[in-house]
Amino acid sequence: MDVRRWTFDVCSISANTAPPAVSFRRSLLAWYRQHGRDFPWRHTRDPYAILVSELMLQQTQVAAVIPYYREWMRRFPDFAALAAASEREVLHAWQGLGYYARARNFRAAAQIVMEKHRGNFPRSADVIRELPGIGRYTANAVATFAFNQSLPIVEANIARLLARLLDLRIPIDTSAGRDALWTEAAALVPTREAATYNSALMDLGALVCGSRPKCGVCPVKRFCRTKKPSTLPIRKARQPLKSCTEHHGFVVRRRRVLLEQSQDRWRGMWMLPRLATPPALHQPLHVSEFPFTNHRITLAVYSDHNVAGKRNATQRWFPIRNLGSLPLPSPHRRALNQILTATRQIAS
Ligand code: SF4
């Protein structure tokens, strides 16, 4: 494996030859000027707006993020607005994006920016990384896109592209694989215009060097070492998904529905009350599946009036007309919408 050869070549070439890194960047940037993607967060240098986009893009497709991004910026246009918002408002705005710890951490980070940094977002990636929920990738991404700092970034598209350019034959989700990618990314990043360069690298990974690489139109083909791009990147064998079923109750009284505030997976959000066991001899009103980390969860919802008799402190009645303003995890919102629609149709 010759992970470091490219890096070595780049560092050892005399100034008057065309170093691979310089030619590589030139080819990449010429392509980007013609084919780069246009996103709302690429029209700003505001670190807050860039942080919003970076946090939303983790685990979520870019097309799905754009409407969330616009709405978030309308509701919470800066760190001050986010820091002053309630957890309920923040979770409500985030619902549908999943991984709600990101939203809670973001609100906590906004409060730290307002209190500790007096509203001024830090410029140093090391200081940015001290904020809750922000790792190396996000800190470097904000520092490079907002402040044009010469810092490497490695996200999924760049990791795939670099693994193929280097013909990296170790899993990229091991510490050795991650180190190789970050080392190479650091060796290639230019000292000037790093923001444009990093955007270009990301776009090439997304548009050309995707899961079906388009090597015939690739602007950096001559730098690419792999002969078998579709076999890369290598990842560790995945643990098989575990299946489980979660039982919840649905009960309506006087146009109000009973909900329970989650204390764990969706902490702070409202969901249908949990049932320890499904009610005997009942067919579920709703069955659906959703993924969560390495689980495939079946959500089964039953009409169960007994649940109201065993109310606990985490449960409350909510008028049906107000459900739209409550933070509900997507699987439970879908279940409620489907059951309420079916109930209305039966009643009409
Ligand atoms: S030549 Fe193919 S595999 Fe190599 S970087 Fe370009 S698209 Fe990816």
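For this structure, a couple of remarks:
- Residue count for the stretch 174-192, restricted to those that are acidic (Asp, Glu) and modelled with pLDDT under 95: 1
- Test: residue in the stretch 171-179 that is in a helix (DSSP H, G or I), in the same structural domain as Gly36 (by TED's automatic domain parsing) and within 16 Å of the ligand (Cβ to nearest atom): no
- Only one of Cys224, Cys209 that is open to solvent by 20 Å² or more (accessible area, probe 1.4 Å) and in contact with a helix residue (DSSP H, G or I) (Cβ under 7 Å, 6 or more places away or on another chain): Cys224
- Subset of the stretch 190-227 [within 9 Å of the ligand (Cβ to nearest atom), of a type in the set (Gly, Ala, Ser) and over 20 Å from the mean Cα position of the chain (by Cα)]: Gly216
- Residues that are over 15 Å from Arg311 (Cα atoms), part of a strand (DSSP E or B) and touching a helix residue (DSSP H, G or I) at 6+ places or on another chain (Cβ under 7 Å), drawn from the stretch 243-297: His286, Ser288, Phe290
- Boolean, Trp317 is in a loop (DSSP other than H, G, I, E, B), of a type outside the set (Asp, Glu) and within 22 Å of Glu87 (Cα to Cα): no
- Ser230 being of a type in the set (Gly, Ala, Ser), more than 21 Å from the chain's Cα centre (by Cα) and within 12 Å of the ligand (Cβ to nearest atom): yes
- Filter result for Arg256 (in contact with a Pro (Cβ under 9 Å, 6 or more places away or on another chain) and within 14 Å of Leu340 (Cα to Cα)): yes
- Contacts under 8 angstrom Cβ, first residue in the stretch 176-196 being more than 13 Å from Thr144 (Cβ to Cβ) and open to solvent by 10 Å² or more (accessible area, probe 1.4 Å), partner at pLDDT below 95 and among the aromatic types (Phe, Trp, Tyr), 6 or more apart: Ala187/Trp6
The values are calculated or read from the model by the stated rules, or taken from the named source; none is laboratory data. Everything numeric in this text was worked out from a predicted model, so none of it was measured. Counting neighbours? That spans all protein chains shown, and the Cβs are built from the backbone with ideal geometry, glycine included. The protein model used for the area step is the full one, side chains on, heavy atoms only, and it has no ligands, DNA or RNA in it. Shrake-Rupley method; radii C 1.70, N 1.55, O 1.52, S 1.80 Å.
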